[in-house]
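Worksheet: the structure to be examined is printed underneath.
The values are calculated or read from the model by the stated rules, or taken from the named source; none is laboratory data. Note that the structure is predicted; figures quoted are calculated from it, not measured. Don't worry about glycine lacking a Cβ; one is built from the backbone with ideal geometry, like all the others, and counts go over all protein chains shown.
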Amino acid sequence: MERVYNFSAGPSMLPLEVLEKAAAEMLCYKDSGMSVMEMSHRSPVYEEIIADAEKLLRKIMNIPDNYKVLFLQGGASTQFAAVPLNLMNKNKKADYIVSGQFSGKAFKEAQKYGDVACVATSKDANFAFIPQTTRESFRPDADYVHICFNNTIYGTKFNYIPDTGDIPLVADMSSCIISEPVDVTKFGMIYAGAQKNMAPAGLTIVIVREDLIGNAREDIPTMLDYKIMADNGSMYNTPPCYCIYIAKLVYEWIDSLGGLEKMKEMNEKKAKVLYDYLDSQDYYIAPVQKESRSLMNVTFVTGNADLDKKFASEAAAAGLKNLKGHRSVGGRRASIYNAMPYDGVVKLVEFMKKFAQENPKA
Ligand SMILES: *Cc1c(COP(=O)(O)O)cnc(C)c1O
C-alpha cells in the first residue's frame, strides 16, 4: 500500500527520510548490535544520542546557554500542572491568555495552585482570533504569564510576542515548535508535546531559563520538578529513549535542509496555497481572522455538516487522510506541519476544487 498524505493534528506525519533512517537502524544501531529501543539509557551509545539531540535542538532553535533543555514525559498536558508547581512560587499569582481549548485547560489546571487570572480571551468569538495585549494587561506581581502560541484546534497563531515586561512569559508551542524561528530570549519557558512536529507521542520538550528553576513548591512531585530533571540530564528515571532518538533524526533533517529559516519558507509556501485558495472562493468558509491565521493548522467548513462529512470520507478515499476537524469544533482541519510535503497541499486544493464543483450547495 502506498503512503498517504496524512493531515492529522497529532500524532502526525514524520519526514519520510527520518522514517527510512530509523528503519535502516531498527535492528542494529551503528555498531551496538541492538536497536535503540533495547539499549540502556545509561550506556555510552545512548548518552551520545540524547546529547546530540540536545545539541541539535539548541543549534536549530538558537537556544542560549542560560536555558535548560529537558526531555520529559507526560505530554503537554502534564505541563499544565508542572508550570504552576514550578513557577508560581513568589506571589502565587499567574496570568493566562485563553485563546483556545488547550490554554483553557492550562488555565483551569493552574487554578488549583494559586490566584490565577484570565487576562484576555477570544472565547466569545469562538476563538477565531488571538486577543491583543499590552504590558498593562498583566498584573505586575504575577509570577508568570501563560500563552498557547499556536492553537491547534482553532487554527490560530500569535502573530506577536506579548510584552510582559519583567514577568516571565511561558508558551505552549506544541503545534508550532521548530516550524519557524522564534526568539527564545523573549520567553521564560517554552514547552511542547513532541507528537505534532518533532517525534512520536511520549516525549515532551521543556526549554526553561535557569534562574526560574530551583524554587518549586515543596510538595511538587519529584518527576515534575524541573531542577531535579535538569540536574539529572533528563535521566532522573528512564527517559522516553526511542522518541528522543527520533527527535534527533528530525532535528538532523531540519539542520540538513537549512534550519528554521528554511522551515518557515517551506511552511509559508504550503500555507499560502491553501489560504489563497480559501480566499478566492466562497464554497468553503475559513472561520479564523486573517491576521491570526496559523501556518500549521488550517481550519475551514462548508457550512453544512453532511457536506463536511462527505468531504472527509471522499478525501480519505483519494489518499488525503485525517481532514476531520477536532471533535469539539467540527468542520475540516488540515494540519500541515514540517513533514507535510508541498505536493500534499497542492493535491488537497485540487481535491477541494473538484469537491466544490461536484457538490453544489442547494
Ligand atoms: C496537542 C496539544 C496539547 C496536548 O498535548 P498532549 O501531549 O496530548 O498532552 C497541548 N497543547 C497544544 C497546543 C497541543 O497542540
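If I go through the range 303-334 residue by residue, how many of them are part of a helix (DSSP H, G or I) and within 20 Å of the chain's Cα centre (by Cα)?
Total meeting the criteria: 0.
Name the strands (runs of 3 or more DSSP E) wholly within the range 64-150 that hold at least 1 residues that are under 30 Å from residue 50 (Cα atoms)?
Where strands (runs of 3 or more DSSP E) fall fully within the range 64-150 and carry at least 1 residues being under 30 Å from residue 50 (Cα atoms), they are 67-72, 144-148.
What are the residues in the range 42-63 that are aliphatic (A, V, I, L, M) and part of a helix (DSSP H, G or I), if any?
Passing the criteria: 45, 49, 50, 51, 53, 56, 57, 60, 61.
Can you tell me how many residues within the range 167-181 are part of a loop (DSSP other than H, G, I, E, B) and either within 14 Å of the ligand (Cβ to nearest atom) or among the aromatic types (Phe, Trp, Tyr) (or both)?
So the answer is 7.
Return the residue satisfying two criteria in turn: it lies in the range 205-233 and is more than 17 Å from residue 110 (Cβ to Cβ) and within 16 Å of the ligand (Cβ to nearest atom), and of such residues it is surrounded by the fewest Cβ atoms within 10 Å (Cβ to Cβ).
223
Table: residues versus (1) surrounded by 19 or more Cβ atoms within 10 Å (Cβ to Cβ); (2) within 16 Å of the ligand (Cβ to nearest atom).
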site: 7; (1), (2): yes, yes
site: 11; (1), (2): no, yes
site: 23; (1), (2): no, no
site: 38; (1), (2): no, no
site: 43; (1), (2): no, no
site: 49; (1), (2): yes, no
site: 59; (1), (2): no, no
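Any residue that is surrounded by fewer than 24 Cβ atoms within 10 Å (Cβ to Cβ), closer than 17 Å to residue 293 by Cβ and modelled with pLDDT of 95 or more - is there at least one of those in the range 101-121?
No: zero hits.
Which one of the conditions (1) over 30 Å from residue 22 (Cβ atoms); (2) within 15 Å of the ligand (Cβ to nearest atom) does residue 198 fail to meet, given that it meets all the rest?
Residue 198 satisfies every listed condition except (1).
Which pairs have Cβ atoms under 7 Å, sit 6 or more apart or on different chains, and link a residue in the range 175-202 that is on the phi > 0 side of the Ramachandran plot and in the same structural domain as residue 50 (by TED's automatic domain parsing) to one that is part of a loop (DSSP other than H, G, I, E, B) and among the acidic types (Asp, Glu)?
That search, which allows pairs on different chains as well, returns nothing.
Looking at this structure, is residue 337 crowded, with 19+ Cβ neighbours inside 10 Å, of a type in the set (Ser, Thr, Tyr) and part of a loop (DSSP other than H, G, I, E, B)?
It is true that residue 337 is crowded, with 19+ Cβ neighbours inside 10 Å, of a type in the set (Ser, Thr, Tyr) and part of a loop (DSSP other than H, G, I, E, B).
Looking only at the range 246-302, count every residue that is part of a strand (DSSP E or B), surrounded by 19 or more Cβ atoms within 10 Å (Cβ to Cβ) and over 17 Å from the mean Cα position of the chain (by Cα) and tell me the total.
2
Looking at the range 25-36, which of its residues are under 28 Å from the mean Cα position of the chain (by Cα) and surrounded by fewer than 15 Cβ atoms within 10 Å (Cβ to Cβ)?
26
Name the one entry in 104, 74, 100 that is closer than 30 Å to residue 243 by Cα, within 11 Å of the ligand (Cβ to nearest atom) and either without any contact (Cβ under 8 Å) to a residue 24 or more places away in the chain or not assigned by TED's automatic domain parsing to the domain that holds residue 243 (or both).
The unique qualifying residue is 104.
Working only within the range 224-241, note down all residues that are over 17 Å from residue 208 (Cβ atoms) and touching a Leu at 6+ places or on another chain (Cβ under 9 Å).
If the condition is that a residue be over 17 Å from residue 208 (Cβ atoms) and touching a Leu at 6+ places or on another chain (Cβ under 9 Å), then 240 is the only one that fits.
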